[in-house]
Amino acid sequence: MSGFAYRRRKTVSTVVLGLCASSAFVAVGVLALILGFVLVNGINSLNLDFFTHMPTPLGEPGGGVANSIVGSLLIVGLAALVGIPAGVGAGVFLSEYAGPRLGNVIRFTADVLTGVPSIVVGVFVYSMVVLKMGHFSALAAGIALAIIMLPIMARSSEEMLKLVPRSQREAALALGITRWRTILSVIIPAARRGLVTGGLLAVARAGGETAPLMFTALGNRFFSLSITGGPMDALPLRIWRYGIGPYSEWHQQAWAASFVLVMMVFAISLTARLVLTRR
Amino acid sequence: MKTDSQIRPGAPTMSYEMRVESEPQATVSEAEALSEGVVVRDLNAWYGSFQALREVSLLVAPRRITAIIGPSGCGKSTLIRCFNRMHEVTPRARVSGQVLLRGEDVYAPGTDSVLVRQRVGMVFQKPNPFPTMSIFDNVAAGLRLNGFLVRRSQVAEAVERSLRQAALWEEVKDKPNRPATELSGGQQQRLCIARALAVEPEVILMDEPCSALDPVATLKIEDLMRELAREYTIVIVTHNMQQAARVSDHTAVMMMAEDRAGEMIEFGPTREVFTYPKDKRTEDYITGRFG
Amino acid sequence: MPRTALERQLAEIQEDMLVLASMVESAIERGIQALRNRDRELAHQIIADDLKINRKRYETEEKCLELMATQQPLASDLRTIVAVLYIIVDLERMGDHAEGIAKIALMLADEPPLKPYIDIPRMAQVAIGMLMGSLEAFKARDADRARSICDADDEVDALYDQVDRELLTFMLQDPRTIQRATYLIWVAHNLERIADRATNICERVVYLVEGKTEELNVSKY
């Protein structure tokens, strides 16, 4: 064992380890930086009013982003209502029914769809829905976000369903249970943890999308619960409006709204992780 | 045979023929297998272009235990999976020939494979209870998910009956709602047996049911098999020859041909197959001289 | 190499059985010799050697049991071991009969012989021939040969009748010969039993080769 070779190997090993560690630090550090920035800058505006009041007229201090929060929840809820079942359904088809060639085609399509810029999805829905309806709406926004959620949901559902061991399917089929019943009552329940996680993550992803919302929901200074009646506000939109506006209160509220948005996404991701590991 | 207890020479001696008596496990009669058991005729099975079984014919006597033995890869599992049409679940798998269940070909055009599987139950090598369901729900799964029974009282009755038949009732009666995964390996396998019994099949297939279990659990399951054989026709695949010898009434021996297709080389009462096999390949396999 | 231990152990018990057979053969031969030559010492030797025969039989039996327990033999292996187990019983009993002859030789050693011994040695010769022949058939796994050996039992039975009649005549003619004659009849009886035991061995050989249990040498009576 030559001493020189050994020492050189050790050195190379240490250097590489150092590079990896610093990369990790950078990654984590950036996230911490963002969170810190958002928190520090927005903490002042965070009060009860922030969560319960509407935006005040131009120039007036105070007010909140209640309508944005409600709007975000509504839009994302709508998207989830459509996107998650459709996504799980597609996942079921891919995992249980599709032959290898058809499956590959669908998977490829889904992957491509995932890569489509969200603004393009927004434009698409704009021309398909908004123009036809004649006005912006939460429905259009929901559809756009559903389109974004769909391929993510489909792929993750397929993976989760595939994790259920084949022996389960065989056991059920051997009892004389039909295919669809097996999927519904045995496979999906067995995969439910993974499916829930996938759904939560898809929701977290969609909840933060901004570009599609610009083309479909537009934003609204006033409170609205109407799905098809007109423009709807959402947190990302509010952040954008306030962020590029001239007033410093607006900027502050933008930071606070950012903080809220990040926290919401974070909470969903955390829940997803807990669901996956705990139960 | 003359022994010392023979009387003085000169006295009349008895002459007698001593032949091996015909045992309860005598050769299977085709008529019996046709009317109440299973008859396999010229069965071939493929996975894609690979032939896994070639011209297999077999008689399974009703209410007896038939063992199928043979070296790895000779097609034993493929064979029994053809009995309940599970073979075709594998993509690109196909079959030719007949499998007659009480005289009806399960592969006749228009036959519903789901119905076949309700008449022919199966227990797998590795116990596979549904992990998201309780013990009770597992046993009831076949009844509920097939829409057979819905009323709670009927289901409960059926579950108890099946668990008793599977010799598991006493061990789980106080905790039927516990997850099935809490049971030991041997108990889980008996649970799977109870689950199969709940659907009231005619034939029970067992694919190496004890290979994942410890010796004590294995013997319990063998005892259970003998009990069940009073009412059900049982076919067991095993690579454990002593088990086949202990448990079965008839034994079928399979071998892999040169092209790796599985063939049936011998079939007869277990007693004969294990003490005086007719085919040399069987002899070699049984005595362990085979490869 | 599959089952080398089993093969070795199987070979061993069969070897032991053959050794036992030759021990018995020797005992029979020497027994007749002791009778002819009125050899007390030889007779004592044979009686002492019977202990060795018994011990050999039990040793072999132990090995068979151990083999069955540890190797779970099946099919022809199983039949072989079962055949050996039964054959060594017959061999050991034959040894007892040979010992019986030696004891009679002792008892007759002091008296002059009743008549020249012709039929009795002939019986012994045939019986020994049957014994060794049956074991040859075992080694060769030849069922037909085993069957044909049993035919010789008729010859032994015929010789026995002859000896019986002849000695009976002696006893009727001269009451002083009764004791010696009776002893000689017993010798012949022992030899006849030895021959019967040899047919048992042949039956075992048939069982081993063909898997059937068959009564060979059905008596003509």
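The values are calculated or read from the model by the stated rules, or taken from the named source; none is laboratory data. Note that this is a predicted model, so its numbers are computed, not measured. For neighbour counting, all protein chains shown are included, and Cβ atoms are generated from backbone atoms with ideal geometry for every residue, glycine included.
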* To do: Would you point out which residue out of A:206, A:191 is within 24 Å of residue A:268 (Cα to Cα), within 14 Å of chain B (Cβ to nearest Cβ), in contact (Cβ under 8 Å) with a residue 12 or more places away in the chain and surrounded by 23 or more Cβ atoms within 10 Å (Cβ to Cβ)?
  => A:191
* Structure fact -> Note: among A:21, A:27, just one is within 30 Å of residue A:146 (Cα to Cα), modelled with pLDDT of 85 or more and among the aliphatic types (A, V, I, L, M), namely A:27
* Asked: Would region C:150-160 turn up any residue that is farther than 22 Å from residue C:203 by Cβ and among the hydroxyl-bearing types (Ser, Thr, Tyr)?
  -> no
* Asked: Being aromatic (Phe, Trp, Tyr) and either within 18 Å of residue A:251 (Cα to Cα) or touching a helix residue (DSSP H, G or I) at 6+ places or on another chain (Cβ under 8 Å) (or both), is that true of even one residue in region A:19-27?
  -> no
* Could you tell me whether region C:190-201 includes any residue that is assigned to a helix (DSSP H, G or I), of a type in the set (A, V, I, L, M, F, W, C), away from chain B (no Cβ under 11 Å) and under 29 Å from residue C:106 (Cα atoms)? => yes
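Residue-wise test of (1) crowded, with 17+ Cβ neighbours inside 10 Å; (2) within 19 Å of residue C:182 (Cβ to Cβ); (3) in contact with a strand residue (DSSP E or B) (Cβ under 9 Å, 6 or more places away or on another chain).
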position	(1), (2), (3)
C:83	yes, no, no
C:104	yes, yes, no
C:107	no, yes, no
C:140	no, no, no
C:154	no, no, no
C:159	yes, yes, no
* Failed criterion for residue A:71 (all others in (1) in contact (Cβ under 8 Å) with a residue 12 or more places away in the chain; (2) out of contact with any helix residue (DSSP H, G or I) (no Cβ under 9 Å at 6 or more places or on another chain) hold) -> (2)
* Within region C:142-162, is even one residue within 11 Å of another protein chain (Cβ to nearest Cβ) and among the aromatic types (Phe, Trp, Tyr)? -> yes
* Asked: residue A:176 passes all but one of (1) assigned to a helix (DSSP H, G or I); (2) without any contact (Cβ under 8 Å) to a residue 12 or more places away in the chain; which number fails?
  -> (1)
* Asked: Looking at region A:155-188, which of the residues that are at the interface with chain B (Cβ under 8 Å from one of its Cβ atoms) and of a type in the set (Gly, Ala, Ser) is surrounded by the most Cβ atoms within 10 Å (Cβ to Cβ)?
  -> A:174
* Structure fact -> Over region A:210-230, the set of residues surrounded by 23 or more Cβ atoms within 10 Å (Cβ to Cβ) and part of a loop (DSSP other than H, G, I, E, B) is A:217
* Matching residues in region C:41-67 - criterion: being among the aliphatic types (A, V, I, L, M) and farther than 19 Å from residue C:138 by Cβ -> C:42, C:43, C:46, C:47, C:48, C:51, C:65
* To do: Hey, can you tell me all the residues within region A:66-108 that are in contact with a strand residue (DSSP E or B) (Cβ under 7 Å, 6 or more places away or on another chain) and among the aliphatic types (A, V, I, L, M)?
  => A:74, A:75
* Asked: Tell me, which helices (runs of 4 or more DSSP H) wholly within region B:197-291 include 1 or more residues that are of a type in the set (D, E, K, R) and away from chain C (no Cβ under 14 Å)?
  -> B:215-228
* To do: Select, from C:14, C:72, C:9, the only residue that is within 14 Å of chain B (Cβ to nearest Cβ), more than 24 Å from residue C:117 (Cα to Cα), surrounded by fewer than 21 Cβ atoms within 10 Å (Cβ to Cβ) and in contact (Cβ under 8 Å) with a residue 12 or more places away in the chain.
  => C:9
* Looking at region C:25-32, is at least one residue in a helix (DSSP H, G or I) and touching an Asp or Glu at 6+ places or on another chain (Cβ under 7 Å)? -> yes
* **helices (runs of 4 or more DSSP H) (entirely within region B:63-155) containing at least 1 residues that are modelled with pLDDT of 90 or more, within 10 Å of chain A (Cβ to nearest Cβ) and under 17 Å from residue B:53 (Cα atoms)** => B:76-83
